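A short write-up of the structure that comes next.
The values are calculated or read from the model by the stated rules, or taken from the named source; none is laboratory data. Remember, predicted model here, so these are calculated numbers, not experimental data. Please note: Cβ atoms are built from the backbone with ideal geometry, for glycine as well, and neighbour counts cover all protein chains shown.
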Amino acid sequence: MAGHRIHVITSISRFIEKNRRALIALLVLSVMMIIFLILNPQVFLNPLMYKAIFKTLSMFIILASAMVFVIASGEIDLSFGSIVGLAGWTLVLTLESGLSPYLGVLFALIAGAFVGFINGIIITRLGISSLVSTIGMSFLIRGLIYIGTKGAGTPVVYLVGTPFYNAFIGSIWGFPVNMLWALGFVVLSVLLFDHHKFGAQISCVGDNLESSQEMGINVATIKILAFVYVGIASAIVAVQSTLTNQIFYPGSGDGLLLIVLAAVFIGGTPSWGGIGTIMGSVIGACIIGVINSGIVAAGVSYLFKEFFYGLIIILALISHKLNGKRC
Amino acid sequence: MADLEKKQNNLDCNQEFRRSRRGIINFLVNNRRALSVFIVFIILMLLFIIKNPKIFLHREIYEAIFRSLPIRIVLALPLVFVIVSKEIDLSFVSNMTFSLWIFAATAKAGWNPFLCMLLAILAGALVGLINGMLVVRIGLQSMMATIGMKFLLLGLVAGGSNIIPIPLTFLVNTPFYNTFVGKIGNFPVQMIWAVMALVIAMLLFNYHKFGSQISCVGDNLESSREMGINVATIKILAFVYVGIACGFAGVLSGLTYLSFYPKPGSPDELMLAVLASVFIGGTPTTGGVGTIFGAFIGACTIRFIETGIIEAGLSGFFTQFFMGLIILLALTSHKFHKSH
Amino acid sequence: MKTKFLELKNVSKSFGKVNALERVNFYIKGEPEIVGLIGDNGAGKSTLIKIIAGIHTPDCGEIYINGKRMENWSVVKSRVSGVETVYQDRALAMQQTIARNIFMGRELTGIFGFVKSKLQFAEADRLMRTIGFTSKVFASDSAVVNLSGGERQGVAIARAFYFKANLMILDEPTTALSLTEAQKIFDFIRQAKKGGSSCIFITHNIYHAYDVSDRCVVLDRGKIVMETNPEHTTAEQLVKDMQKIAHGKVREGINNGRS
């Protein structure tokens, strides 16, 4: 009996050990929710509040999960916002050509993957730092979109109610489908990052590049794949965004940049590479999502929303810092 | 016998080495990044002048450029110090807005504008100090911490000001106004201030202990510490320097556009453009080396490109595209400068 | 007599004006042996092992593996032949687990590339025990950063050993280690030899070389100037011989006892 108890305790402590960062993020989220619940119980127990949160939460979750791969490999991608725009543009162009919207999704995915591929090539073949090259790529892509669309958006209201629309944005038994897509993406990301050779090699590459190379890991391929993954995630988000807003506009995806990065870092994935936590990013995205919608409901002027983003980010960072040493 | 021969050989090698690197050549080699950007800039200007002599040989266009360019220059130069020390600051635009808010609020209340400016600069410096503390004392990663600070400041300003803009037109033609954004003849004074900022930054970086120590810290932190450099102080000072610049740039911005206008959720364009100036100018992200003059030329290049595109008849939509292209091309060309 | 596993004949390598290696004849026996490679800085030790690892191509001379001449020797070919180099601190990814480090680039995967984590952990535990790693606190799912310097080296050596390295090359494995930890490394190396892996290790510490080597090879200014069997000399004599070499009084061809 005692032996069994000890076994359970060791298992729990092992679990905590392995998932410390995500658990800290969870702690931050819980504390925040408790404070919100105390301040305004009616709103925060109201399912409608969460419906509002879910509208945009899935996008944060998908992007934050994908970014873990790039950041854990020791790089960064500041261009994903513009990839969202490009993929959305590809989607509406396909629709305007009269082709099936499903084909539009496929082309959007290809476009996103392609830009990710180019990002990866620039960083691995040309050896330019990812920080600067993705800034450049972001401008380039966004500029292309503006040039091509001449600043004009494309409404897609006619898609509302179609099976295509419901497949991505509808609801099943009251539960929003876009969250299901996000859930699926998270499951895929966890499988790839924690249980697949790809994730293992990403972590090794971000941790010790030379060592990984010496042990025969194809560092360039791994990094390129990570950027492609972010490109694909951006495309999925573009589809969701275009359908949710019922319009594609050239600035689509702008403003996601720092929020998503914040979600990743709040979640506990550090910027120095080698470590990553998908669940942590998901929780970080939830924190951002709740603040987004919850601040006003908590009785604080919406103007202070960004103040709380900043406060939470810094507090979460300090918590992670207290948790583990940087080697 | 063989030993002596070898030693003689080594000595000769050294002399040869020194011989080939004397004077001008040495200077060129050491500053090759900034110089190559400068050359690109000159070529660019020549192209603009050839394509559109009516515009580019007349002063109006320069007046317009020199009104907005100084802000970017003032912001970009101290960033070189931070980036050389292997950190980054993504909060500087919000810091600038924050300082401007302090300035505008106090100026509107009737205080002496010079005092208001001092307060704005102090506010900026304080924010820089907090950034430095978070990164150095608490040990947070600078990218994440300054993103957090950026949001914090934006929210503080938005909430504190209630998104009510504060017009600053009452300052026009006061001595304060003329000192900082007046005109000498037709030349905007703020450009002179920007050049002064350039000179100060170059002196600090290339000739002062601050610059040499920050380069050492960015290059090899452990070695610097062992050699007695106060790594913590140096890094914090770099952030404070950025903060001071934000304060000054904030006031300049307020005087140039004659208003404090807190846009809710402001876009990141200015931040990315200023960062791009530093990187295009030849300062790498890897730390240890940097060029102030390069960042200056980088800022000018970007600003002139933005103008040139419009004057060349392309719509403003092309600006971002070309900016991105320039960034990628400039970085690729810098790669070929690596002397390893 | 079994064929020699590795043989370098008349190998030379220059970098510009510097002659790193001059007509070096070096070999590793067919039976597992531990060879200590000693010499002053610039003697050519690094160049020699880099040639063996396939990183540098010799200007002239031949490389033989198991008696067969190797053309276009490369890093890939050396790894395939069972040559593994273990660099000091650079070898491991600090934040990753012991198991992940051991299987870096050679993950045990099932269908679609998914990693068999449990199997990896079990194998890593077994391996560490075989090599003599007896920590009560850490298991193969602990991050390497938690281990001491000697233990980390042990992981790196265990990795080379696990993948059936015929030859492990260790570059200064005991620098920056305490005495006890250095002894642990020597035990790892001896265990590896028992398991069938030869070892070349570079060291500045003559006493260490003496302690664990079957054979000491001394390099000076690009040439092999001495080969010693520690059984036939003492550590102190070896130190004296090294000093003579350093003062340039001993040249090629001195042989203290049979190898």
Quiz prompt | Test set (1) within 14 Å of chain A (Cβ to nearest Cβ); (2) of a type in the set (D, E, K, R); (3) more than 30 Å from A:ALA72 (Cα to Cα) - C:LYS2 fails condition number | solution = (1)
Quiz item: For the range B:310-338, how many residues meet the condition of being away from every other protein chain (no Cβ under 13 Å) and either under 19 Å from the mean Cα position of the chain (by Cα) or touching a residue at least 12 places away in the same chain (Cβ under 8 Å) (or both)?
Solution: 2
Quiz item: Do we find that A:PHE44 is modelled with pLDDT under 90 and aromatic (Phe, Trp, Tyr) in this structure?
Solution: yes
Quiz prompt | Pairs, first more than 7 Å from every other protein chain (Cβ to nearest Cβ) and crowded, with 24+ Cβ neighbours inside 10 Å in the range B:139-157, second among the aliphatic types (A, V, I, L, M) and part of a helix (DSSP H, G or I), C-beta under 6 Å, six or more apart | solution = B:SER142/B:VAL135
Quiz prompt | Unmet requirement for C:THR180, which otherwise passes all of (1) β-branched (Val, Ile, Thr); (2) facing chain A (nearest Cβ under 10 Å); (3) more than 18 Å from the chain's Cα centre (by Cα) | solution = (2)
Self-check item: Selection within the range B:291-309 - within 14 Å of chain A (Cβ to nearest Cβ) and either in contact with a strand residue (DSSP E or B) (Cβ under 6 Å, 6 or more places away or on another chain) or touching a residue at least 60 places away in the same chain (Cβ under 8 Å) (or both)
Solution: B:GLY294, B:ALA295, B:GLY298, B:THR301, B:ILE302, B:ILE305
Quiz item: On the given criteria, is A:PHE227 at pLDDT 95 or above and either surrounded by fewer than 24 Cβ atoms within 10 Å (Cβ to Cβ) or within 14 Å of another protein chain (Cβ to nearest Cβ) (or both)?
Solution: no
Exercise. Give, as residue ranges, the helices (runs of 4 or more DSSP H) completely inside the range A:1-103 that count at least 2 residues that are surrounded by fewer than 13 Cβ atoms within 10 Å (Cβ to Cβ) and out of contact with any Pro (no Cβ under 8 Å at 6 or more places or on another chain).
Key: A:2-18, A:20-39, A:41-44, A:47-72
Quiz prompt | Subset of the range B:76-121 [over 24 Å from B:VAL195 (Cβ atoms), touching a residue at least 40 places away in the same chain (Cβ under 8 Å) and not in a helix (DSSP H, G or I)] | solution = B:SER85, B:LYS86, B:GLU87, B:ILE88, B:LEU90, B:SER91
Exercise. Could you please let me know if A:ILE266 is over 19 Å from the mean Cα position of the chain (by Cα) and within 13 Å of chain B (Cβ to nearest Cβ)?
Key: no
Quiz prompt | All positions within the range A:116-153 that are in contact (Cβ under 8 Å) with a residue 60 or more places away in the chain and among the basic types (Lys, Arg) | solution = A:ARG125, A:ARG142
Self-check item: Subset of the range C:143-165 [in contact with a helix residue (DSSP H, G or I) (Cβ under 7 Å, 6 or more places away or on another chain), surrounded by fewer than 24 Cβ atoms within 10 Å (Cβ to Cβ) and aromatic (Phe, Trp, Tyr)]
Solution: C:TYR162
Quiz item: When you go through (1) modelled with pLDDT under 90; (2) buried (at least 20 other Cβ atoms within 10 Å of the Cβ) one by one for B:ASN220, which number turns out not to apply?
Solution: (2)
Practice problem: Answer yes or no: is there a residue in the range A:154-172 that is out of contact with any strand residue (DSSP E or B) (no Cβ under 8 Å at 6 or more places or on another chain) and either within 9 Å of chain B (Cβ to nearest Cβ) or within 24 Å of B:MET143 (Cα to Cα) (or both). | Solution: no
Quiz prompt | Every pair of residues 6+ apart whose Cβ atoms lie under 9 Å, when the first sits in the range A:173-184 and is under 16 Å from A:ALA235 (Cα atoms) while the second is modelled with pLDDT of 90 or more and surrounded by fewer than 19 Cβ atoms within 10 Å (Cβ to Cβ) | solution = A:ASN178/A:THR244
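Please pick out the residue among A:SER212, A:SER138, A:SER203 that is at the interface with another protein chain (Cβ under 8 Å from one of its Cβ atoms) and either β-branched (Val, Ile, Thr) or touching a Cys at 6+ places or on another chain (Cβ under 8 Å) (or both). Write out each step before concluding.
On the way: A:SER138 fails: either β-branched (Val, Ile, Thr) or touching a Cys at 6+ places or on another chain (Cβ under 8 Å) (or both); A:SER203 fails: either β-branched (Val, Ile, Thr) or touching a Cys at 6+ places or on another chain (Cβ under 8 Å) (or both).
None of the other options fit; the residue is A:SER212.
Table: residues versus (1) away from chain A (no Cβ under 14 Å); (2) over 15 Å from C:PHE163 (Cβ atoms); (3) of a type in the set (Lys, Arg).
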{"site": "C:GLY42", "(1), (2), (3)": "yes, yes, no"}
{"site": "C:ILE49", "(1), (2), (3)": "no, yes, no"}
{"site": "C:GLU62", "(1), (2), (3)": "yes, yes, no"}
{"site": "C:MET104", "(1), (2), (3)": "no, no, no"}
Quiz item: Among (1) out of contact with any His (no Cβ under 9 Å at 6 or more places or on another chain); (2) aliphatic (A, V, I, L, M); (3) modelled with pLDDT of 90 or more, where does A:VAL290 come up short?
Solution: (3)
Quiz item: What are the residue pairs meeting all of these: first residue in the range C:108-132, first residue free of Cβ contacts under 8 Å to residues at least 40 places away in the same chain, second residue assigned to a strand (DSSP E or B) and surrounded by 18 or more Cβ atoms within 10 Å (Cβ to Cβ), Cβ atoms under 7 Å, and 6 or more apart or on different chains?
Solution: C:LEU108/C:VAL115; C:THR109/C:VAL115; C:GLY113/A:HIS196; C:PHE114/A:HIS196; C:VAL115/A:HIS196
Quiz prompt | Scope the range B:90-138; condition more than 14 Å from B:ALA232 (Cβ to Cβ) and within 14 Å of chain A (Cβ to nearest Cβ); matching residues | solution = B:LEU90, B:SER91, B:PHE92, B:VAL93, B:SER94, B:ASN95, B:THR97, B:PHE98, B:TRP101, B:VAL127, B:ILE130
Quiz item: Looking at (1) of a type in the set (A, V, I, L, M, F, W, C); (2) under 14 Å from A:SER281 (Cβ atoms); (3) surrounded by fewer than 24 Cβ atoms within 10 Å (Cβ to Cβ), which is the only condition A:ALA182 fails?
Solution: (3)
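What residue, among those in the range C:213-246 that are in contact with a Pro (Cβ under 9 Å, 6 or more places away or on another chain) and in contact (Cβ under 8 Å) with a residue 60 or more places away in the chain, is nearest to C:THR180 (Cα to Cα)? Step through it out loud before you land on a result.
Filtering the range C:213-246 down to residues in contact with a Pro (Cβ under 9 Å, 6 or more places away or on another chain) leaves C:213-216, C:238.
When the remaining residues are screened for being in contact (Cβ under 8 Å) with a residue 60 or more places away in the chain, the result is C:213-216.
Numbers: C:SER213: 18, C:ASP214: 21, C:ARG215: 23, C:CYS216: 22 Å.
Within the range C:213-246, the match that is nearest to C:THR180 (Cα to Cα) is C:SER213.
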Quiz item: Does the range C:197-214 include one or more residues that are among the aliphatic types (A, V, I, L, M), buried (at least 19 other Cβ atoms within 10 Å of the Cβ) and assigned to a strand (DSSP E or B)?
Solution: yes
Quiz item: Residue check: is A:ILE217 outside any helix (DSSP H, G or I) and without any contact (Cβ under 8 Å) to a residue 24 or more places away in the chain?
Solution: yes
Practice problem: Residues that are surrounded by fewer than 17 Cβ atoms within 10 Å (Cβ to Cβ): find the strands (runs of 3 or more DSSP E) completely inside the range C:28-119 holding 1 or more of those. | Solution: C:60-65
